[in-house]
Amino acid sequence: MIPLPAPFSDSMRALLGDEAAPFFRALEAPYAAALRLNPFRPGAEEASLPFTDETVPWCPAGRYIRPDTRPGLSPLHAAGAYYIQEASAMAPAAALDAQPGELVLDLCAAPGGKSGQIAGALAGRGALIANEPDAARARLLAATMERLGVANALVTNAWPQELAARFPETFDAILVDAPCSGEGMFRREPDSRLEWREGSPAGCAARQAGILDQAALMLRPGGRLVYSTCTFNRAENEDTVSAFLDRHPDFAPEDFALPGVGESKEGCLRLWPHRVRGDGQFAARLRKAGSPAPAAPIRPGRIDRDIQARLAELKALAPGWEGHVETPRFLLRGDVLCALPGALPEFTGLKAPRCGLHLCRLGRGYIEPDHALAMALRPNEAARSAEFDEAQALRLLSGETAESAFKGWTLLTHRGMPLGWGKASGGVMKNHIPKGLRIHL
Ligand code: SAM
């Protein structure tokens, strides 16, 4: 095993005292893999039983993964039944406790585990802006939202300053899951021990302060901010929070408790690998003073005639799509028609790899339903659907065609969960699952 960096070990001994020995033992023990069931997939729990073990105490949808099983290789993964996520990483979104109807910002969001969890808590109501400044990682985040069937999220690719200039005092709740020195990864990814430097915590803390200051500008009065890291040192955790509170007297820590972990102190809670079945995690919950201005009612916008005609065509293919976007506004991005939740603020000028629910591509005299639409639907919400067993589903995911007695666009499902679209004609179901998502058998 790669040794822990000596200055890290010294600082942990000073921080933990008598608990240092069990802590160091835990870092050398195998880690417990976990997944989070996707609430947008009824039936996911039962379908996932071959892989799942006990519930993660602080996340009702979290399950530890049985040893010697590989849920990532199942077609259920492609169908968005679950997101494979380290158990302690489920704590920050639990601390945020997003409520249906809220407008939430996840400021450092890729690859999207916590955004998926927040979207699940919103249950399709209100809206989420999931942001990631790194373009390649923002694309990964967009793909996560698509696979999980999230319809009310805007994925942006921006720096916090760009967002703060657009969204002053806008959000009910903000998660800052900050880039950090990653000491909590020392067990799961031992190579990360080689990347750590003695100056890493101080350097990261300076960056975290800058991100938090922008988040503060975007939170509405009375809103809540959760700051989290997966590192152990105080500089990036409690010290970063107390320095933030000194700079922002309009914020106060807000205590909270997580089942199986305990109660926070001065708004700060730690998950330690020797105390819980999970890696290291820190989360702090802070409340901004004041109360929100009364929200303006969201009114449906005018829809132009051409779009109305296209929506009628879409309704014939997927009559249930409308149930997934509240008070939709429509946006044409190139030839892709997107439905945005009415709760989403104006975002013109920002880079946004995903805008709400991508419905369909508009061709001359035809429409082609988008893969994202398939991933948001249930079988009874499409005009036609076809169910495939595990072996057939894997073949479809590898790009093969299937037989079909029907004609036209068909939602392909496995255990009632979507895989993508097929288009049947002449007895053959042509496969429209995007090439970039194909698996190799
Ligand atoms: N919340 C994510 C999840 O649950 O999947 C993990 C986020 S990871 C700990 C931190 C992310 O912050 C990285 O994707 C990184 O690219 C991004 N990041 C780096 N610098 C940033 C900055 N200045 N502002 C916002 N995000 C930043």
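Cβ-Cβ contacts under 7 Å between residues 6 or more apart (or on different chains), taken from a first residue in the range 183-195 that is of a type in the set (Gly, Ala, Ser) to a second residue that is open to solvent by 20 Å² or more (accessible area, probe 1.4 Å) and not in a loop (DSSP other than H, G, I, E, B), are listed as Ser192/Met185. Every condition in (1) exposed (fewer than 14 other Cβ atoms within 10 Å of the Cβ); (2) modelled with pLDDT of 95 or more is met by Glu195 except one, and the failing one is (2). If a residue has to be open to solvent by less than 80 Å² (accessible area, probe 1.4 Å) and either polar (S, T, N, Q) or farther than 26 Å from Gly223 by Cα (or both) to count, how many in the range 288-323 make the cut? Of the residues in that region, 16 qualify.
Look through the range 56-105, keep the residues that are hydroxyl-bearing (Ser, Thr, Tyr) and farther than 29 Å from Thr327 by Cα, and return whichever of them is nearest to the chain's Cα centre (by Cα). Restricting to residues being hydroxyl-bearing (Ser, Thr, Tyr) and farther than 29 Å from Thr327 by Cα, the top hit is Ser88. The residue that is nearest to Gln281 (Cα to Cα), counting only those in the range 85-108 that are more than 12 Å from the ligand (Cβ to nearest atom) and of a type in the set (Asp, Glu), is Asp97.
Conditions tested, residue by residue: (1) within 14 Å of the ligand (Cβ to nearest atom); (2) open to solvent by 60 Å² or more (accessible area, probe 1.4 Å); (3) out of contact with any helix residue (DSSP H, G or I) (no Cβ under 6 Å at 6 or more places or on another chain); (4) in a helix (DSSP H, G or I).
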| residue | (1), (2), (3), (4) |
| --- | --- |
| Leu128 | yes, no, no, no |
| Ala151 | no, no, no, no |
| Leu154 | no, no, yes, no |
| Arg187 | no, no, no, no |
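Candidates in the range 363-392 are the residues that are assigned to a strand (DSSP E or B) and open to solvent by 30 Å² or more (accessible area, probe 1.4 Å); of these, the one that is farthest from Pro297 (Cα to Cα) is Glu387. Scanning the range 189-217 for residues that are assigned to a helix (DSSP H, G or I) and among the small types (Gly, Ala, Ser) gives Ser192, Ser200, Ala202, Gly203, Ala205, Ala206, Ala209, Gly210, Ala215, Ala216. Going through (1) open to solvent by 10 Å² or more (accessible area, probe 1.4 Å); (2) closer than 20 Å to Gln208 by Cα; (3) more than 8 Å from the ligand (Cβ to nearest atom); (4) under 13 Å from the mean Cα position of the chain (by Cα) one by one, Ala135 falls short only on (4).
The values are calculated or read from the model by the stated rules, or taken from the named source; none is laboratory data. Being a predicted model, the structure only gives us computed values, none of them experimental. Positions of Cβ are backbone-derived with ideal geometry, glycine not excepted, and every protein chain shown enters the neighbour counts. SASA here: full protein model, heavy atoms, side chains in, ligands and nucleic acids out. Shrake-Rupley method; radii C 1.70, N 1.55, O 1.52, S 1.80 Å.
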